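The values are calculated or read from the model by the stated rules, or taken from the named source; none is laboratory data. Computed from a predicted structure; not experimentally measured. Glycine also receives a Cβ, built like all others from the backbone with ideal geometry; neighbour counts cover every protein chain displayed. These accessible areas exclude ligands, DNA and RNA; they are computed on the full protein's heavy atoms, side chains included. Shrake-Rupley method; radii C 1.70, N 1.55, O 1.52, S 1.80 Å.
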Amino acid sequence: MTLKKLNQIQKASVKAVKGPVLIFAGAGSGKTRVLTHKIHYLIQEKLYKPEEILAVTFTNKAAREMKTRVESLLNQPGLNLNIGTFHSICARLLRKEIHQLGYSNDFAIYDTKDQLDLMKIVISDMNIKRGYITPRTARSQVSYYKSMMLTPDDVFEKGRTIKERKIAEIYSAYQKQLKKNNAVDFDDLLLLPLELFSRYPSVLKRYQETWKYILVDEYQDTNRPQFLLVTQLADKHKQICVVGDDDQSIYGWRGADVKNILDFQKTFTDCSMFKLEDNYRSTQQILSAATAVVERNINREPKTLNAVNGVGEKLAVFETVDEMEEADAIVSALEKEIKMNKRTFNHFAVLYRTNAQSRALEDSFRRQGIPYNIVGGIRFYERKEVKDILAYLRLIINLKDTISLRRVINFPPRGIGQKTVTKCVKQAEITKTELLDVLQKPEEMGIRGKQADSLISFYTIIKKYHGLLETLGAGELVRTLSEETQLLKHYKGSDNPEDQDRYQNTVELLNSIDVFMTRSPDNGIREFMEEVTLLSDIDQWNDDENRVTLMTLHSAKGLEFPVVFITGLEDGLFPLYMAFDDPEKMEEERRLFYVGLTRAKKKVFLMYATQRRKMGIDYNVGLVSRFLREIPVDQLEHVKFESALTRRIVTRRSGRKKIKIRRSITSFDDFKTGDFVEHTMFGIGKIMAISGSGENQRVGVVFNDGTKKKLIVKYANLKKVKRP
């Protein structure tokens, strides 16, 4: 095989195959290339068979990319490679083994919305005062406890307050309801394999023999269950390679522990360690600024990143009046970049610390006609009409899934009200039967007439398609079900424009099932359901669309863009206030800033506002972020710009007066006297004079052949170039 495309340290880390291997991969240093070449090396050199290798990462997108690259290197499409996310690998394992823990192998995987729905039922059944503990708070807290591997009994014993002990009781009841529904949540996907390994050592031994070489990507983001999974699986052979960057560990709030990578050499002694420090993504200016901030952290492995792509431009800094001006300034800077550097919209990413910051950005982008995508908005598979069909499918697969049953029992409307559902729930509890089964005997609950017919009809449909699971193809089953339940007709016959969109989304779901089956002909509806449930925001992001990407800094991890804007750089917003008195949280905020900067290939814009609307009512005076102050001044360029504001006094109905501010788009001085520019017809020249600004800006240019021209910048299509 050839390793010609790898540098020396990359080659060495690929060839290190005896014993544990730790690879610190700095931002943009080619870790995916190293991982894929290592898998290639293991197979090509006949050290391991493809099915004996397990490679784990954190997103489906990364897993697909890794699998595609390995197959391309080996020139063997369709290899039996075990490459996937922690959750997808564990889901596959549980499909085979979970019956040993008292579940059926057709268990449902509850996403966040399903977990909330179940938590609402649990809290209601416990008669907890409304608002005392919300379902969202309880779900979040329970998820955190699971990531720390704390049981309900652990939480109860450690609880210092009545409220904490009450959450422990909710946690316990929630787990019982999950099992009753033959369902697991995302955290259980990681915890249940560990329970299997503990209770049945023979199962652990079998998978240790199955997966003889283990690779883990983004190891700095592992939490305790993930850490235990890979260490237990690798415990017999000690053949494990982990790749990560402690400077990019940004998920402590959901249980990730940076010590997992920093202490790897203690966990696996006789470990080989490599550092990938050549950066193939960003310029040295960007890397030096990022390093200047993150090296203030105490808990890190020292690294020196070297930019292969040269020095690059200084980081641009903008001070704005408020979040509205910040958004307008971004639009104007973006337009300038498009004009001067021939960029397209998908070259840009705007990053922010909190989702709430996107509102002002969206308003400005819409006003100016800038196309954009938001990562982390309502995902396709979370839309109501899509989840309704998915709920039908989940119930058909898993007849114990009462959350899905409650969702669709009266959709499309069939005259089954909440009182009827409550009667059915009580009957199931009294008779100790499944909720679905009580629907076939409505007379036992005193339900007659149309409602009784509807219950029996619904029961019949679900049982019918449950019986057809093994005989009908996925696409045929879903289309037939949609027709019989009149799901498509419900939306198609409506005059409501929103229902027309829902109809199109429903059709798109049916198409997506066809695409899935074409891509994976050996799989069925169960596998499709598993894939869509485990999708993340990034998995659904389409970087081929020519749109500006708006996303939180957390969502940006693993991506790259030619130009990056980081907004809201004020103390209290980034870093957040809650990190001020917590050194560990401040270190994570600093790492998050490092991640944001190193997403950029060519250029970074750093934005802060002197005041920002808080809670939608008043303005909060902001101090420039300490992270911005930690970057050496010689790496920053404070860009001058003007914002045209019109203020007028308006009188409200109440008689109170208010100053209303109207702003035109921020205008930048695009060129300076002495700049060298390139014109498509006249070649390279030097700007000798400038008049006007913005759309009216004119420049006098002397070109290399002596030609003198006065040009309107808006139409001249000039590109700034380095001195010839």
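Things worth noting here:
- C-alpha center-to-center spacing [the range 82-110, the range 438-467] in angstrom: 31 Å
- Measuring nothing but protein heavy atoms, the accessible surface of the range 1-43 at 1.4 Å probe radius is 53 percent carbon and sulfur.
- Nearest-ten-degree value, helix 449-467 long axis tilted from longest Cα axis of the chain: 80 degrees
- Signed unit charges on C-beta, dipole axis of the chain, positive-most listed residue Ala316, Leu74, Asn306: Ala316
- Relative contact order of the chain, defined on C-alpha pairs under 8 angstrom at six or more residues apart (%): 15 percent
- Three-way shape label, the range 477-516, alpha-carbon gyration tensor, a/c 1.5: oblate
- Anisotropy class of the range 293-348 from Cα gyration tensor, a/c 1.5 cut: oblate
- The local environment of Leu204, defined by Cβ-Cβ distances under 12 Å, has a net charge of 0 under the rule Lys, Arg +1 and Asp, Glu -1.
- Compared with the dominant principal axis of the Cα atoms in the chain, helix 201-210 is inclined by about 50°.
- The base-10 log of I(q)/I(0) for the range 341-464, evaluated at q = 0.11, 0.20 Å⁻¹, reads -0.56, -1.08 [Debye formula, identical scatterers on Cα atoms, solvent excluded].
- In the chain, the calculated helix contribution to ellipticity at 222 nm averages -13500 deg cm²/dmol per residue, counting -39,500 (n - 2.57) for every DSSP H run with n ≥ 4.
- For Tyr577, the accessible surface of its heavy atoms amounts to roughly 120 Å² (probe 1.4 Å, protein chains only, rounded to the nearest 10).
- Between helix 358-368 and the chain: long-axis angle, C-alpha atoms, 0 to 90°, nearest 10: 60 degrees
- Model label points for Met149 and Val721, set 7 angstrom from Cα along the Cα-to-Cβ axis, are 6.2 nm apart.
- Percent carbon-and-sulfur accessible area, the range 196-320, ignoring ligands, DNA and RNA, probe 1.4 Å: 46 percent
- Charging the Cβ of each Asp and Glu at -1 and of each Lys and Arg at +1, and nothing else, the dipole of the chain about its Cα centre rounds to 1560 debye.
- Multiplying the residue separation of Arg254 and Leu469 by 0.36 nm and removing their Cα-Cα distance gives an extension gain of 73.7 nm.
- Order of exposure, largest accessible area first, which applies to Met149, Met517 with probe 1.4 Å: Met149, Met517
- The range 1-51 and the range 472-513 have Cα centres lying 46 Å from one another.
- Computed over the range 475-533: relative contact order in percent, which uses C-alpha pairs under 8 Å that are six or more apart: 29 percent
- Label-point gap, in nm, between Val308 and Lys180 - each point 7 angstrom along Cα→Cβ: 5.8 nm
- Rg followed by Dmax, in Å, when the chain is reduced to its Cα trace: 29.0, 99
- Accessible surface calculations at 1.4 Å, restricted to protein heavy atoms, place the range 310-402 at 35 Å² per residue.
- Compared with the direct C-alpha span, the chain from Lys672 to Gln8 gains 234.7 nm at full extension, assuming 0.36 nm per residue.
- Projecting the Cα atoms of Gly524, Leu399, Val507 onto the dipole axis of the range 382-539, where Lys and Arg carry +1 and Asp and Glu carry -1 at the beta carbon, places Leu399 farthest toward the positive end.
- In the assembled protein chains, Ser512 presents an accessible area of approximately 20 Å² (probe radius 1.4 Å).
- Taking every protein chain into account, the accessible area of the range 139-241 amounts to 43 square angstrom per residue (probe 1.4 Å).
- With DNA, RNA and ligands ignored, accessible area of Trp253 (1.4 Å probe; Å², nearest 10): 150 Å²
- Shape metrics for the range 102-242, restricted to C-alpha atoms - Rg then Dmax, Å: 17.1, 53
- Positive-end residue of Thr680, Leu351, Leu196, charge dipole of the chain with Cβ unit charges: Thr680
- Accessible area ranking (1.4 Å probe, heavy atoms, ligands and nucleic acids excluded), largest first, for Arg502, Arg353: Arg502, Arg353.
- Among the trypsin sites (Lys or Arg not before Pro) within the range 416-448, those in coil by DSSP and having at most 10 neighbouring Cβ atoms inside 10 Å are Lys432, Arg448.
- Global geometry of the range 1-137, whether rounded, prolate or oblate, following the gyration tensor of its Cα atoms and the 1.5 cut on a/c: prolate
- Restricting the trypsin sites (Lys or Arg not before Pro) of the range 201-240 to loop positions (DSSP other than H, G, I, E, B) with no more than 15 neighbouring Cβ atoms within 10 Å leaves Lys236, Lys238.
- Separation in nanometres of the label points that stand 7 Å from Cα toward Cβ, at Arg479 and Lys585: 5.4 nm
- Beta bridges by DSSP in the chain, antiparallel share as percent, to the nearest 5: 40 percent
- Average accessible surface for the range 1-98: 42 Å² per residue, computed with a 1.4 Å probe over protein heavy atoms with every protein chain in place.
- The order of Arg165, Arg343 by accessible area, most exposed first and with a 1.4 Å probe, is Arg165, Arg343.
- Taking 0.36 nm per residue of separation and subtracting the current Cα-Cα distance, fully stretching the chain between Val507 and Lys238 would add 91.9 nm.
- In terms of overall dimensions, the C-alpha atoms belonging to the range 378-537 reach 48, 38, 28 Å along their principal axes, ordered largest to smallest.
- Residues within the reach of a label modelled at Val624 (point 7 angstrom out along Cα to beta-carbon, backbone nitrogen below 15 Å), restricted to the range 294-334, are 315-321.
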